[in-house]
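The values are calculated or read from the model by the stated rules, or taken from the named source; none is laboratory data. Given the structure is predicted, the values throughout are model-derived calculations rather than measurements. Here the Cβ positions follow ideal geometry from the backbone for every residue, glycine too, while neighbour counts run over all protein chains shown.
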Amino acid sequence: MLSFLIRRIAAAVPLLFGISVLVFLLMAIAPGDFLDVARTQQDIPEEYIERMEEEFALDQPWYARYASWLGNVVQGNFGESWIYRIPVADLLKQRIPATLVLSALSILFALCIAIPLGVLAAIFKDSIFDRLSSMFAYAALSIPEFFLALLAVMFAANTGLFPVGGLTSMDHEFMPFWSRMVDYAHHLVLPTLVLGMGSVASYMRIMRANFLDYIRADFVTTARAKGVGEGRVMFVHVLRNAINPLVSASGFILASLLSGSILVENVMNYPGLGQLIFEALMRQDEFVVVAAVLMGCIMLMLGNLIADLLLAWFDPRIRLDKN
Amino acid sequence: MLKYVFQELVHRPLGAGCLVLLGLMYACTLFSQFLAPYQPTDQDLEKAYHPPTRIVLKNWRPHIQVYEQVDPASARYKAVEGETVPLRFFAPGEEYRFWGLIPAKMRLFQVQKPHRVYLLGSDSTGRDVFSRLLYGAQVSLSIGFIGICITMTLGFVVGGVAGYFGGRADFLAMRLVEFVIAIPSLYLLIALRGALAEYFEPEQMYVVIVIILSLIGWAGAARIIRGMALSLRQRPFVLAAEVMGQSSWKILVRHFLPNLASYLLVAATLSIPAYILAEAALSFLGLGIQEPGTSWGLMLKQAQELKVFTLNLWWLFTPGAAIFITVITFNVLGDVLRDVVDPRQQMGR
């Protein structure tokens with residue numbers, strides 16, 4: 001297990017290096033530099049800009065800037081945000097947990113709905129229920145996330161059942177601990193539903209297909225022939241095998257969630273990484289863009305790693321240390 | 001092969017239905033200038049957020065109901081009892097260039113000015129949502145096709161070369177593929193757009209989007225094509241061609257391409273929705289098609305206003321429904337196609 005972990009992390013380093021070079025290069029291709037916006041703002045003192053120019057080697061070609069940026073990053077300095085006037089690292093510390101919570105909740109929500117639905121659709125194959133659920137899957141896969149988010153905001157605005165956006169209420173600071181938690185939960189309901197909807201459909205289709213594969217497997221016939229009860233056959237013999245591909249699909253689903261969160265967070269005004277990236281790009285807050293994109297990729301890699309570990313834990317046939 | 005696929009497809013009710021629906025949509029897009037009563041930029045500030053016009057029959061001729069504004073602040077309109085304007089078919093409207101070439105005036109239907117017919121209401125500056133929907137379709141529906149052509153070509157070249165030649169080319173290509181896949185696609189989209197956009201005029205945004213989408217989409221296809229090429233390489237007919245001294249390029253085009261055609265067709269159909277959605281997402285974020293152009297994503301961006309939510313101006317969300325219908329049709333069609341081409345791959349059906 002340990003050697004697997006080390007190997008995976010070692011493989012991730014060149015990838016992250018490549019991604020940071022790419023993002024940096026893309027930023028360098030765009031005209032202007034990191035300080036263009038800061039220079040036009042009159043309330044930023046000139047000495048400060050000069051110091052920044054020196055610190056991030058802005059008068060040099062992009063590879064030299066990259067080297068200096070990398071040197072700073074290794075020391076934990078991601079530069080500073082012009083919009084918020086705080087170090088990028090602090091900004092990321094605020095935003096990453098919000099996106100993590102949203103993504104994790106969405107996956108959890110998707111699994112909770114998709115597993116029972118997929119199992120039922122497979123057991124009652126070709127029934128009305130199966131048809132309906134496959135129609136639902138098509139619909140959920142085809143509706144654009146941002147459109148769903150718009151509809152959700154409209155629903156919230158018209159019924160008043162849920163907040164229209166954000167992560168906290170106005171009087172959040174003054175609440176006792178438990179009502180604060182309830183407040184968070186209340187704000188998270190709609191974003192989670194919206195973001196998780198597409199994943200429900202993907203999970204459900206995978207679940208159904210696998211379940212059907214395993215229903216026909218030899219060991220299931222054996223179990224039935226032995227006289228094992230139908231419920232036990234379905235839920236112990238079939239389900240436990242059929243669930244594994246869901247775990248390995250989670251990496252792919254996390255990638256789509258991270259992309260989707262840019263849209264959903266923007267529409268629902270949710271203070272996460274996606275909103276940060278978009279806002280920073282629009283206002284050319286370039287240190288933030290590079291750092292936030294990198295963080296998104298790290299999250300995706302960690303997600304994939306966790307999925308692999310979980311899979312090995314679920315399925316004793318998989319040995320991570322071999323080959 | 002393609003003929004067989006097409007015949008099978010037409011014989012399945014779901015497949016035939018999807019084909020008809022898509023055919024209809026693309027036909028509407030081709031003739032959008034004729035079908036739309038107004039130019040997409042044609043404003044009428046007096047009639048902002050106008051609700052969809054009711055069509056009534058008078059003397060067995062279709063008329064439109066006339067509305068008057070009750071309260072400009074909250075965009076409320078009231079039907080004026082008994083006052084209607086006849087709808088004129090094949091009447092001259094604002095001049096346009098049909099397919100950018102032929103100057104024309106004829107539109108499918110018009111009403112006497114200063115009245116306006118709003119089949120799907122109007123937006124914040126009184127532009128006709130129905131017309132904009134038709135014009136927007138030109139962008140939203142074409143971008144998927146153009147994108148997919150570029151992507152599949154790239155995917156075939158990279159995947160085919162990697163799978164056929166193997167060795168160093170294979171290693172390099174696959175690392176590149178992994179690299180592209182490791183970045184959440186919308187992050188990459190946005191970053192690429194940030195880098196490229198400054199070099200283009202806002203009117204050329206369409207080109208930028210196509211380039212960006214194609215740069216991202218090829219990776220997944222290349223990986224699968226490489227796998228298929230790896231197995232094709234060992235087949236007797238490829239070996240025979242090699243022995244006969246056919247050039248590598250010829251082998252790729254003459255022997256690999258026909259064998260991959262069915263996969264390419266299915267993959268293309270199933271990935272067009274991704275392009276449509278990505279264009280809509282970019283435009284929705286304000287990073288795609290810019291005013292005065294129009295696309296479904298851009299129209300939805302303009303619907304993102306508090307007024308729209310609280311006053312329940314549902315017609316501004318029709319572009320979302322249009323995207324939804326298009327995407328679901330392509331998805332269903334792709335699944336039916338896959339069943340036809342490769343019955344083993346069915347999702348357990």
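On the basis of being within 14 Å of chain B (Cβ to nearest Cβ), at pLDDT 85 or above and more than 22 Å from A:ALA114 (Cα to Cα), does A:ALA280 make the cut?
Judged against the criteria, A:ALA280 is not a match.
State all residues of region A:186-210 that are β-branched (Val, Ile, Thr) and either touching a His at 6+ places or on another chain (Cβ under 9 Å) or closer than 15 Å to A:PRO116 by Cβ (or both); if no residue qualifies, say none.
Within region A:186-210, A:VAL200, A:ILE206 meet the criteria.
Being farther than 30 Å from A:SER133 by Cβ and of a type in the set (Asp, Glu) is true for just one of A:ASP218, A:ASP183. Which residue is that?
Numbers: A:ASP218 fails: farther than 30 Å from A:SER133 by Cβ.
A:ASP183 is the lone residue from the list that is farther than 30 Å from A:SER133 by Cβ and of a type in the set (Asp, Glu).
Among the residues in region B:270-286, are any within 11 Å of chain A (Cβ to nearest Cβ) and farther than 23 Å from B:PRO184 by Cα?
No, region B:270-286 has no match at all.
Filter region B:118-149 down to the residues that are assigned to a helix (DSSP H, G or I) and β-branched (Val, Ile, Thr), then identify the one that is farthest from the chain's Cα centre (by Cα).
It comes out as B:VAL129.
With the requirement that a residue be assigned to a helix (DSSP H, G or I) and away from chain A (no Cβ under 13 Å), what does region B:175-210 give you? Explain how you work it out, then say what you get.
Just the residues of region B:175-210 that are assigned to a helix (DSSP H, G or I), to begin with: B:175-181, B:185-199, B:202-210.
Listed by number, the residues that qualify are B:PRO202, B:GLU203, B:GLN204, B:MET205, B:TYR206, B:VAL207, B:ILE209, B:VAL210.
Identify, by number, the condition in (1) of a type in the set (A, V, I, L, M, F, W, C); (2) under 21 Å from A:ALA98 (Cβ atoms); (3) part of a helix (DSSP H, G or I) that A:VAL119 doesn't meet.
(2)
Can you run down the residue pairs with Cβ atoms below 7 Å, 6 or more apart or on separate chains, where the first is in region B:248-272 and within 16 Å of B:CYS149 (Cβ to Cβ) and the partner is not in a helix (DSSP H, G or I)?
Listed pairs, sorted by first residue: B:ALA261/B:MET1.
Looking for whichever is without any contact (Cβ under 8 Å) to a residue 12 or more places away in the chain and more than 8 Å from chain A (Cβ to nearest Cβ) here; the options are B:TRP296, B:TRP314. Which one fits?
B:TRP314
I'm checking my understanding of the structure. Among residues of region A:132-187 that are of a type in the set (A, V, I, L, M, F, W, C) and touching a Pro at 6+ places or on another chain (Cβ under 7 Å), which one is modelled with the highest pLDDT?
Among residues in region A:132-187 that are of a type in the set (A, V, I, L, M, F, W, C) and touching a Pro at 6+ places or on another chain (Cβ under 7 Å), the one modelled with the highest pLDDT is A:ALA156.
Conditions tested, residue by residue: (1) over 30 Å from A:MET52 (Cα atoms); (2) polar (S, T, N, Q); (3) at pLDDT 80 or above; (4) not in a helix (DSSP H, G or I).
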{"site": "A:ALA255", "(1), (2), (3), (4)": "yes, no, yes, no"}
{"site": "A:SER259", "(1), (2), (3), (4)": "yes, yes, yes, no"}
{"site": "A:ILE262", "(1), (2), (3), (4)": "no, no, yes, no"}
{"site": "A:ASN269", "(1), (2), (3), (4)": "yes, yes, yes, yes"}
{"site": "A:VAL288", "(1), (2), (3), (4)": "no, no, yes, no"}
{"site": "A:ALA291", "(1), (2), (3), (4)": "no, no, yes, no"}
{"site": "A:ILE298", "(1), (2), (3), (4)": "no, no, yes, no"}
{"site": "A:LEU302", "(1), (2), (3), (4)": "yes, no, yes, no"}
{"site": "A:ALA307", "(1), (2), (3), (4)": "yes, no, yes, no"}
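Restricting the search to region A:136-154, which residues are at the interface with chain B (Cβ under 9 Å from one of its Cβ atoms) and farther than 10 Å from A:VAL194 by Cβ?
A:TYR138, A:ALA139, A:LEU141, A:SER142, A:PRO144, A:MET154
Report, by residue number, each residue of region A:155-166 that is more than 10 Å from chain B (Cβ to nearest Cβ) and crowded, with 18+ Cβ neighbours inside 10 Å. It would help to see each step written out before you state the result.
Our first condition is that a residue be more than 10 Å from chain B (Cβ to nearest Cβ); within region A:155-166, this holds for A:159-163, A:165-166.
Of everything in region A:155-166, those that are more than 10 Å from chain B (Cβ to nearest Cβ) and crowded, with 18+ Cβ neighbours inside 10 Å turn out to be A:PHE162, A:PRO163, A:GLY165.
Would you point out the residue of region A:42-62, among those that are closer than 16 Å to A:PHE78 by Cα, aliphatic (A, V, I, L, M) and in a loop (DSSP other than H, G, I, E, B), that is modelled with the highest pLDDT?
A:LEU58
Surrounded by 12 or more Cβ atoms within 10 Å (Cβ to Cβ), over 27 Å from the mean Cα position of the chain (by Cα), at pLDDT 75 or above and more than 30 Å from A:LEU167 (Cβ to Cβ): which single residue out of A:ARG39, A:ARG65 fits that description?
Unique residue meeting the criteria: A:ARG65.
Would you confirm whether any residue within region B:159-168 is touching a residue at least 60 places away in the same chain (Cβ under 8 Å), within 12 Å of chain A (Cβ to nearest Cβ) and assigned to a helix (DSSP H, G or I)?
no
Given the conditions (1) in contact (Cβ under 8 Å) with a residue 40 or more places away in the chain; (2) surrounded by fewer than 16 Cβ atoms within 10 Å (Cβ to Cβ); (3) touching a Leu at 6+ places or on another chain (Cβ under 7 Å); (4) of a type outside the set (Gly, Ala, Ser), and given that A:PHE129 satisfies all but one, which numbered condition is not satisfied?
Against the list (1) in contact (Cβ under 8 Å) with a residue 40 or more places away in the chain; (2) surrounded by fewer than 16 Cβ atoms within 10 Å (Cβ to Cβ); (3) touching a Leu at 6+ places or on another chain (Cβ under 7 Å); (4) of a type outside the set (Gly, Ala, Ser), A:PHE129 comes up short only on (1).
Quick one: what pairs do we get from region A:2-27, first residue surrounded by 13 or more Cβ atoms within 10 Å (Cβ to Cβ), second hydroxyl-bearing (Ser, Thr, Tyr), C-beta under 6 Å, 6+ apart or different chains?
A:PHE24/A:TYR66
Give me the residue from region A:262-275 that is facing chain B (nearest Cβ under 9 Å) and within 14 Å of A:CYS297 (Cβ to Cβ) and, out of that set, surrounded by the most Cβ atoms within 10 Å (Cβ to Cβ).
In this case the residue turns out to be A:GLY274.
Working only within region B:86-129, note down all residues that are in contact (Cβ under 8 Å) with a residue 60 or more places away in the chain and of a type in the set (Asp, Glu).
Passing the criteria: B:ASP123, B:ASP128.
Exactly one condition in (1) part of a helix (DSSP H, G or I); (2) within 13 Å of chain B (Cβ to nearest Cβ); (3) not charged (D, E, K, R) is false for A:ASN241; which is it?
It fails just one condition, (2).
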